[in-house]
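**Student:** Take this structure, written in structure tokens, and hold onto it; I'll ask about it next.
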Amino acid sequence: MSDEMQRIKYDAIIVGARAAGAVMAALLARENFRVLLVDRVTFPKTTLSCPLTFGNTFEILQRIGVLEKIQALGAPKLRLYQTQIGDVHLRGRMLPYAGFDYAYQIRRELYDEVIFNHVAQMPNVETRLGFNVTELIWEKGRVVGVRGARSAVRGRVGGGDEIEIFADAVIGADGVFSTIAERVNAKKYNVIPGHTCIYFAYYENVKPAASEPTATIYYDAGEHFAFVTANSDSELTVISISLPATQFERVRQNYKNVHFEYAQKIPEMGERMREAKRVTPVYGVSPRDSFYREPFGNGWVLIGDAAYYKDPLPGQGIHDALRAAELATQAFVEYRAQGKTARAWNDALRVYHKTRDRETKAMYELTNFYADLERPRTPQEMDFFRAIASSPKWSSIYVSMFNGVTSVKWFQRLDTMMRILLGWKWGRLKAKLFRVPPIENKERTNATA
């Protein structure tokens, strides 16, 4: 990095160049902010993540001009979403969000590289990969820059010489174990102890779950696990298993075979994996607390997993990260419009903070409910799930909570739940009294065809 680069003062330095950081760099650049985007790694690089990308995320990716490049990776469009608990099979189709009625599952090393390469070519964006931020620079109680060096290369004693780079603000998009969050002592709140450990990998020759690409979740209430499969890029299938945190130490002793071990507990899955071949390592995520962090202070902002993290089971991480980038960008625009004063900073970022918490609260609580795999399923809960699964309409409304079409708060309202339950019970009663067959969800899978 040249002396000239060190003297430049940016509008923002973003630490972390994966999805959240890269997208925020793009959004800020479109608003004529000058951005430096740095990361300690180089791309392509794997990470402990295998999320789905839903329609409410495509809208943001389309705005920065990268969606077509992501679509060019050739991942299948997942329109059918299935959940199986015991003898109950729910099959719903994603309702369209801004015209997108599907999701993608794409390996993160491909996904992150495509977004980064696109953003790196945008005006107002400079990038520096392989640069490790170690400290923040403070001046009069405000963060005014970063201190760091070229990342150490394996086989060498250390990295490059340490340098300082200055900016109006430093944005931490550097993940759950954020250096920026640690250096500013960002407080956590609404912390929920980690319920699950997760192991995932990509396989070839997995038999499809349906006659079209799909994401499928198998819950086993007796064995307390959730087995997730989804068609991915390159004709691969991602398989992820969530297990109770109490099982982590046992499973890690034989983690390479964990998917085959648990597939045998699900007859359909055992058949689907009979000829499967693993093509990536098995990646494991130890039990992690869910949390919110205070997302801003004097001269610093947190986005993505650095600011807010919940159990990965519902696949919401990418959307949450990009939405946070969008909200934080709006705050920067307002801060500039109001004269870039200390008061303008606090007022604008406070809106980001409150909006993030309000928008994520219901899904945060629902995720905690789902991720508690060891809790008993009550008869009332199973009846409610049967009622949803019996109706194609309600099944699609239910699965569309995950792409932002259906409000989680609305779906959980008493009047909504009563409509679902009473409709189901009336259908069963009518079938008995008048010998009218109840309406069934006739979405077909290979297992039922």
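The values are calculated or read from the model by the stated rules, or taken from the named source; none is laboratory data. All of these numbers come straight from a predicted model, not from anything done at the bench. All Cβ positions, glycine included, derive from the backbone under ideal geometry; neighbour counts span all protein chains shown.
**Student:** Out of segment 227-277, which residues are in contact with a Leu (Cβ under 9 Å, 6 or more places away or on another chain), polar (S, T, N, Q) and crowded, with 18+ Cβ neighbours inside 10 Å?
**Tutor:** Asn231, Ser240, Ser242 - these are the residues of segment 227-277 that are in contact with a Leu (Cβ under 9 Å, 6 or more places away or on another chain), polar (S, T, N, Q) and crowded, with 18+ Cβ neighbours inside 10 Å.
**Student:** Given the conditions (1) farther than 24 Å from Lys45 by Cβ; (2) touching a helix residue (DSSP H, G or I) at 6+ places or on another chain (Cβ under 6 Å); (3) not basic (Lys, Arg), report the number of the one that Gly304 does not fulfil.
**Tutor:** Among (1) farther than 24 Å from Lys45 by Cβ; (2) touching a helix residue (DSSP H, G or I) at 6+ places or on another chain (Cβ under 6 Å); (3) not basic (Lys, Arg), Gly304 violates only (1).
**Student:** Of all residues in segment 380-412, how many are within 14 Å of Gln316 (Cα to Cα), in contact with a Leu (Cβ under 6 Å, 6 or more places away or on another chain) and without any contact (Cβ under 8 Å) to a residue 60 or more places away in the chain?
**Tutor:** Count: 1.
**Student:** Count, please, the residues in segment 238-289 that happen to be free of Cβ contacts under 8 Å to residues at least 60 places away in the same chain and within 16 Å of Cys197 (Cβ to Cβ).
**Tutor:** Looking only at that region, the number is 17.
**Student:** I'm told His224 meets every condition in (1) in the same structural domain as Thr246 (by TED's automatic domain parsing); (2) surrounded by 15 or more Cβ atoms within 10 Å (Cβ to Cβ); (3) on the phi < 0 side of the Ramachandran plot except one. Can you identify the failing condition by its number?
**Tutor:** In the conditions (1) in the same structural domain as Thr246 (by TED's automatic domain parsing); (2) surrounded by 15 or more Cβ atoms within 10 Å (Cβ to Cβ); (3) on the phi < 0 side of the Ramachandran plot, His224 misses (3) alone.
**Student:** Just to verify a result, which residue in segment 108-125, among those that are at negative phi and not in a helix (DSSP H, G or I), is surrounded by the most Cβ atoms within 10 Å (Cβ to Cβ)?
**Tutor:** Going residue by residue through segment 108-125, those that are at negative phi are 108-123, 125.
From the residues that got through so far, the ones that are not in a helix (DSSP H, G or I) too are 121-123, 125.
Working: Gln121: 10, Met122: 19, Pro123: 8, Val125: 21.
Going through the qualifying residues, I end up with Val125.
**Student:** Here is a follow-up. Take Thr229 and decide whether it is closer than 24 Å to Ile106 by Cβ, among the β-branched types (Val, Ile, Thr) and in contact (Cβ under 8 Å) with a residue 24 or more places away in the chain.
**Tutor:** Details: closer than 24 Å to Ile106 by Cβ: yes; among the β-branched types (Val, Ile, Thr): yes; in contact (Cβ under 8 Å) with a residue 24 or more places away in the chain: yes.
Yes: the conditions hold for Thr229.
**Student:** Separate question: Do any strands (runs of 3 or more DSSP E) lying entirely in segment 154-219 carry at least 2 residues that are buried (at least 18 other Cβ atoms within 10 Å of the Cβ), and which ones are they? Outline the logic, then answer.
**Tutor:** Numbers: elements: 163-167, 170-172, 188-192, 196-204.
By residue number, 163-167, 170-172, 196-204.
**Student:** A further question on this structure: Select from segment 83-132 the residues that are under 22 Å from Gly65 (Cα atoms) and polar (S, T, N, Q) and list them in ascending order.
**Tutor:** Across segment 83-132, the qualifying residues are Gln105, Asn117, Gln121, Asn124, Thr127.
**Student:** Filter the helices (runs of 4 or more DSSP H) completely within segment 380-434 down to those with at least 2 residues that are surrounded by fewer than 16 Cβ atoms within 10 Å (Cβ to Cβ) and at positive phi.
**Tutor:** Working: elements: 392-399, 408-411, 414-434.
Counting at least 2 such residues, we get no helices (runs of 4 or more DSSP H) at all.
**Student:** Among the numbered criteria (1) surrounded by 22 or more Cβ atoms within 10 Å (Cβ to Cβ); (2) outside the structural domain of Arg142 (by TED's automatic domain parsing); (3) more than 17 Å from the chain's Cα centre (by Cα); (4) among the hydrophobic types (A, V, I, L, M, F, W, C), which single criterion is violated by Val301?
**Tutor:** (2)
**Student:** Turning to a different aspect of this structure: More than 22 Å from Gln84 (Cα to Cα), loosely packed, with under 14 Cβ neighbours inside 10 Å and not β-branched (Val, Ile, Thr) - does that describe any residue in segment 356-374?
**Tutor:** Taking every residue of segment 356-374 in turn, at least one turns out to be more than 22 Å from Gln84 (Cα to Cα), loosely packed, with under 14 Cβ neighbours inside 10 Å and not β-branched (Val, Ile, Thr).
**Student:** Something else now. If Asp233 passes every condition in (1) modelled with pLDDT of 95 or more; (2) touching a helix residue (DSSP H, G or I) at 6+ places or on another chain (Cβ under 7 Å); (3) not hydrophobic (A, V, I, L, M, F, W, C) but one, which one does it miss?
**Tutor:** Evaluating Asp233 over (1) modelled with pLDDT of 95 or more; (2) touching a helix residue (DSSP H, G or I) at 6+ places or on another chain (Cβ under 7 Å); (3) not hydrophobic (A, V, I, L, M, F, W, C) leaves (1) as the failure.
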